[in-house]
1. Answer yes if at least one residue in segment 554-565 is hydrophobic (A, V, I, L, M, F, W, C), more than 28 Å from ASN312 (Cβ to Cβ), in contact with an Asp or Glu (Cβ under 8 Å, 6 or more places away or on another chain) and modelled with pLDDT of 95 or more, and no otherwise.
2. Going by what's in this entry, would PHE504 be described as within 23 Å of ILE640 (Cα to Cα) and buried (at least 23 other Cβ atoms within 10 Å of the Cβ)?
3. Go through segment 277-308 and give me each residue that's buried (at least 19 other Cβ atoms within 10 Å of the Cβ) and in a loop (DSSP other than H, G, I, E, B).
4. Working only within segment 45-64, note down all residues that are surrounded by fewer than 16 Cβ atoms within 10 Å (Cβ to Cβ) and in a helix (DSSP H, G or I).
5. Can you tell me which residues in segment 521-543 are in contact (Cβ under 8 Å) with a residue 60 or more places away in the chain and farther than 16 Å from LEU269 by Cα?
6. Suppose the filter is more than 30 Å from TYR551 (Cβ to Cβ), free of Cβ contacts under 8 Å to residues at least 24 places away in the same chain and of a type outside the set (Gly, Ala, Ser); does ASP378 pass it?
7. Residues that are among the aromatic types (Phe, Trp, Tyr), out of contact with any strand residue (DSSP E or B) (no Cβ under 7 Å at 6 or more places or on another chain) and closer than 30 Å to ILE650 by Cα: which helices (runs of 4 or more DSSP H) entirely in segment 490-598 hold 1 or more of them?
8. Right, GLY274: more than 22 Å from the chain's Cα centre (by Cα) and part of a loop (DSSP other than H, G, I, E, B) or not?
Amino acid sequence: MGQKLVKRLSSLELLLLFAIFSGRDASDKVKKSSGNTGENNMFKEINLDEVTTEWDDSYLFSSRGDALEKLGALKKRSEEINQTFRPEFENLPGSVLLDYLEAEKEFSRSVDVLYIYAYTQLSKNVNDQFFNSLLAESQDLVTEHRKVSAFATVKLTSLSKEEWDRLFSEEPGLEVYRAYLEATYMRFIEHRPMNEAQAVYLADLENQRMKLETEALSEITNKVTMAGNITLESGEEFQVNSQSYNTLLSTDQSRENRKRCYDQRFYHLINESGSMASLYSKKARLDDLAASELNYTDSYESSLYGLYLTKNQVDDMNTVFKERKDIFEDYNEFRRKKLGLETLSPYDLLLQLTDQSGKDYTYTDALQEVQKSYSGMDSCFNEIFLKMVTGNFIDVYPDPEHGKQPGGYCYGLYALKSPALIFMNYNGIISDQKTLTHELGHGINFYLMGNSVDYLYCAGQIYEMEIPSTFNEELFVDYVVENSDKETAVAVLAQHIGEYQNYFTRQPMIAEFEYKAHQLCAENGNVSGTELNALWTDISKEYRSESIEYYKEDSAEWTYINHIYLTNNYYTFNYAISKAITLALFKQYKEKPEAFNKNYIAYLSAGSTMPPEEKLKKYFGIEINRQLFEDAVDIVKLRIQGLNKLEKEINGNKSDSAV
């Protein structure tokens, strides 16, 4: 799942969330084909000789020295903005506000490129001291600019409706920024810094939170996911890290090998839980302190407000998924029988259900399958896809031995109106193909936004940004099920249903763990690894299946989950919301593909020009309520029935062959 961070912030703060990337053909525009789909759409097939597998960041900065030079120039520019506009804000006219927005926008564009250059290159090697330092200095630059521009934040979040009306009437050019001003300043009048001193204090808190996030991701890469060696049944020594762990559990037919690998990491995580609990305790205190400064009860309330969601909506979601978790028992039973086991254990849950469990799906094979899955979509899907996969915009393969961070993410480069940068650790298993199309979904969304709306509107809330990625997953699975042999269809569909279980149980559970961990930290100060392990296990029992034989010891799985250390708190429940919306959208797509495509492209292109729920209702008539989540579970039930039907057909064919 991508590490894409979105909340409603100032234009400058958006760079910490969705970034912007450029390619050599950055000025190209995406052709809008107004819903041309299927047989009317002649796709240009991918030329495998043109596929690239590493980033080329020379279009960002030609050298490290150039990046440092830009850093210095931006520090000066920040002071210039302060000196120019501070006196003008005393009696703010509309024309000055417009000039200020334009100056901030151009400053933010430049900071975006610098920040993303530092962040993405540090992802390639978390131990690279130059990029570690550059990222820290970029974060400091953002913090210092927040401080020197605090006069504007305080002023703009305190204006009355009458004062805003005056500004808009004085300067008609402000009208194009009305939605941005509403989302960034006007709606936060009850949650605003009261003076510049408080705004400066908040900027320092945010800087501390950013530094803790960077430290946590480094610890996860270097220690938490490096679990040591095991000896396989063959006698081979096997190093357990973030990449090898998932690959072995997904492909090794030896249950003993899978158990040894699982055990090695399970107990290693417990050993690491103490140090990670100390780090998390610091983060939780800072999170809630920053929220309380802005008149929120805690960071949970702050996160929901920023997402335009209510506590009742999230509670309804959690209630539905807890009450109906038994929907997955048929799937778990299917897996148990397929593997010929008496009882499922945690190390049986990732194994690909195919007679060729060790089969590698090459990266180019995956690209071809993903491209074919777009055949019913608007032609711009294919155009953007080709730009990304042939233009050095995807860093494909893992390299944990040299410090490459685990996981995957997608950063858009709206500032240069070009394709996004995608970060992957591709190992050739089924889930890697899904991750590829997931991140490409983000890339398509980001490119459409960057070439359709003003830079300040190239943003969105987390759950709506996850919709195009999870929708891409449905396209891919649907294509494979309809166009592959039944054995392959079963393997891919089974893996996908396992991910439904992840989306609708594990992801909400992670967010609930965060909430209660924050409460625990608020009550007790420093919290131990033992306490957080017990909390994780206790909460997981409400969501997990009783048919799986989990270990009696408390689990420390929370330690390696990147998302809980992000400055965007409670990130993961957004995956569940997005997947529920995606299933509703996919139903519309299957029923009326041309009408859907027209609305979908408009939706993906709109960015934050309107509030997220208003946009969802305008284009698709969908609302986020309990019924949405009930319907999503019903669709999962149909997928599970389809899986069992496929398996019966396979067994029937085998019986016929035997006769």
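The values are calculated or read from the model by the stated rules, or taken from the named source; none is laboratory data. Keep in mind the model is a prediction, meaning the values are calculated, not measured. Counting neighbours? That spans all protein chains shown, and the Cβs are built from the backbone with ideal geometry, glycine included.
1. yes
2. Yes.
3. TYR296
4. Of everything in segment 45-64, those that are surrounded by fewer than 16 Cβ atoms within 10 Å (Cβ to Cβ) and in a helix (DSSP H, G or I) turn out to be LEU48, ASP49, GLU50, SER58, ARG64.
5. Answer for segment 521-543, where residues must be in contact (Cβ under 8 Å) with a residue 60 or more places away in the chain and farther than 16 Å from LEU269 by Cα: CYS521, ALA522, GLY525, ASN526, VAL527, GLU542, TYR543.
6. no
7. Answer list for segment 490-598: 573-591.
8. no
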